[in-house]
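To keep things clear, I will list the structure first and then write my remarks on it.
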Amino acid sequence: MINLKHALAIAGLTFFCTTNVYSQSEPQNPQSGQNHTTNDFIKDRKFYLNEDGSNYVKFTFVTQAWLRSAEYNPGTTINGIPKSSGTDIGIRRYRVQLYGQLTDRVFAYSQFGENNFNNISDRKLGFFVHDAYGEYAVDKQMLSLGLGLSGWSGLTRFASPSVGSIMGIDAPLYQQTTNDVTDQFLRKLSVFAKGKIGKLDYRVLMAQPMAIQKSAGYDPANNIGQASRFSALPPKMQYNGYFSYQFKDQESNLTPYATGTYLGKKKVFNIGAGFIYQQDAMWRLNETATDTIHENLVQLAADVYYDAPVGSRGQAVSLYGSITHSDFGKNYLRNGGPMNPANGNNNPDIISGGGTAFPMYGTGTVAYVQAGYKMRDNLIGNTTLMPYVSLQYANYERLSDPMAYYDVGVNWLLTGHASKLTLSYQNRPVYNNAGDNITRRGAVVAQYQVFFN
């Protein structure tokens with residue numbers, strides 16, 4: 001069981017985080033024909049490049065820190081030492097954005113930072129470029145073209161989540177289907193087109209997958225077997241698309257990243273569909289291990305998103321659902337464990353890996369739902385709460401039993417997304433090599449977020 005003392009310590013942390021970081025302000029553009037001070041050109045956290053403020057450069061950052069007490073998978077080891085449970089502290093994400101509308105048609109975006117830094121991470125090596133691209137607006141509304149390393153991706157809304165506004169402790173990470181395998185933490189080297197045609201928002205792109213040989217944990221001696229894996233041959237181009245019809249308030253597509261929840265500031269109702277396709281992305285051996293079979297990567301998805309105010313005192317509801325057909329080839333399965341506190345497993349019968357990992361990705365059908373309710377403003381002083389629940393449910397070809405992972409928690413919105421504390425309970429399945437769900441494990445996570453936007 002989770003150590004009760006540690007779990008109570010995490011829960012108690014919620015009563016001591018009461019500092020509001022800053023208050024949001026409305027944009028105020030400099031007016032032409034006036035005498036200007038320096039402050040006239042630095043408002044709404046933007047540095048304006050022209051008189052009317054339509055050209056600008058902006059800087060933002062976000063930090064998400066975790067305190068977690070978790071039950072580990074059977075056989076877990078940390079640097080060779082067996083561990084059944086533990087408490088860890090880490091930086092789940094740190095991101096810096098620098099972007100701007102440089103001219104009426106030229107937009108540039110860059111983002112850098114690190115993910116999953118904990119006490120067993122390599123030190124001083126984790127800071128890296130997430131995004132670096134430029135785009136040109138052929139038509140300011142309907143068509144922009146871009147090139148570089150970017151989070152523009154296909155498939156679903158949260159294949160590219162805005163991490164500073166996600167509702168729960170984390171985004172539905174399985175939607176980032178090639179995360180750090182043939183991309184760079186979901187970012188792809190690509191050429192893309194995006195825009196809005198009436199209420200239809202679209203993005204399509206051609207991406208060059210990154211070499212599997214450079215992915216974490218790649219083992220050239222164990223990269224092909226009778227279960228499908230990513231091919232070590234030079235990869236062919238990957239094609240992505242996502243289309244969303246926005247019935248109510250229109251969302252910005254300035255950057256690739258979709259808002260998690262607007263906290264009642266907008267009324268949004270979208271229905272979307274998307275795809276990812278790559279020819280011969282996967283390979284495996286036939287049943288006699290005499291021939292190599294090449295398989296395509298094919299993923300199709302549909303989703304619905306509703307986020308809106310529901311009361312006169314700041315209440316709001318946020319709902320999201322998605323269904324995905326995910327084909328990585330025969331019996332493909334991959335574990336995921338965000339900021340995993342362990343790095344080994346000495347039990348050869350456990351397919352789920354060590355620490356807090358579970359079968360996140362696989363060939364099969366995946367359903368995901370999340371729901372949250374923002375309570376009235378000023379519920380606790382000038383702060384409020386937003387409880388939520390999410391569930392990932394999958395029938396993966398490799399597993400005998402369905403995979404169900406759920407997360408239940410509450411956000412303490414100290415200053416909206418700018419300063420918030422999230423307390424979460426996560427529960428995951430553990431599987432053996434036969435694909436049977438042999439037990440379940442839990443974790444309590446407290447996350448504090450600071451978001452300068």
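What follows is calculated from the coordinates using simple rules that are stated; it is not laboratory data. Since this is a predicted model, take the numbers as computed values, not measurements. Here the Cβ positions follow ideal geometry from the backbone for every residue, glycine too, while neighbour counts run over all protein chains shown.
Descriptive notes on the structure:
- Taking only the C-alpha atoms of the stretch 375-419, the Rg (one decimal) and the largest Cα-Cα distance, Dmax (whole number), read 16.8, 50 Å.
- Using alpha-carbon coordinates, inclination of helix 4-13 to the longest axis of the chain, degrees: 10 degrees
- The helix-based estimate of mean residue ellipticity at 222 nm for the chain, built from -39,500 (n - 2.57) per DSSP H run of four or more residues and divided by its residue count, is -500 deg cm²/dmol to the nearest 500.
- Under 12 Å from LYS194, Cα to Cα: aspartates and glutamates that are on another chain or at least 8 residues apart: GLU135, ASP139
- Sparse packing (at most 16 other Cβ atoms within 10 Å of the Cβ) combined with a DSSP loop state is found for the following GluC sites (Glu not before Pro) in the stretch 207-296: GLU287.
- Cα coordinate range in the stretch 258-365, projected on the principal axes (Å, largest first): 67, 35, 17
- Set of aspartates and glutamates with alpha-carbon distance to LYS124 below 13 Å, sequence-local pairs under 8 removed: GLU114
- Extension gain (nm, one decimal) between GLN208 and ALA371, 0.36 nm per residue minus Cα-Cα: 55.2 nm
- For the stretch 191-320, convex hull of alpha carbons as volume per residue, Å³: 140 Å³
- Which listed pairs, of LYS199/LYS236; LYS58/LYS140; LYS43/LYS140; LYS188/LYS420; LYS236/LYS330, have C-alpha distances above 27 Å, in listed order: LYS199/LYS236; LYS188/LYS420
- The spacing between the stretch 261-337 and the stretch 86-113, judged by their C-alpha centroids, is 23 Å.
- The rule of thumb for compact globular proteins, 2.2 N^0.38 Å, goes into the C-alpha radius of gyration of the stretch 144-255 1.21 times.
- Neighbours of SER228, meaning other residues whose beta-carbon lies under 15 angstrom from its beta-carbon, give a summed charge of -1 when Lys and Arg score +1 and Asp and Glu score -1.
- Contact order normalised by residue count of the chain, Cα under 8 Å, 6+ apart, percent: 15 percent
- Debye-sum result for the stretch 318-453 in log10 I(q)/I(0), which assumes one identical scatterer on each alpha carbon, at q = 0.19 Å⁻¹: -1.09
- For the stretch 176-220, a Kirkwood hydrodynamic radius built from all Cα pairs, placed in the Stokes-Einstein relation at 37 °C and 0.692 mPa s, yields a translational diffusion coefficient of 270 µm²/s.
- Distance between the stretch 207-240 and the stretch 339-358 - C-alpha centres, whole angstrom: 22 Å
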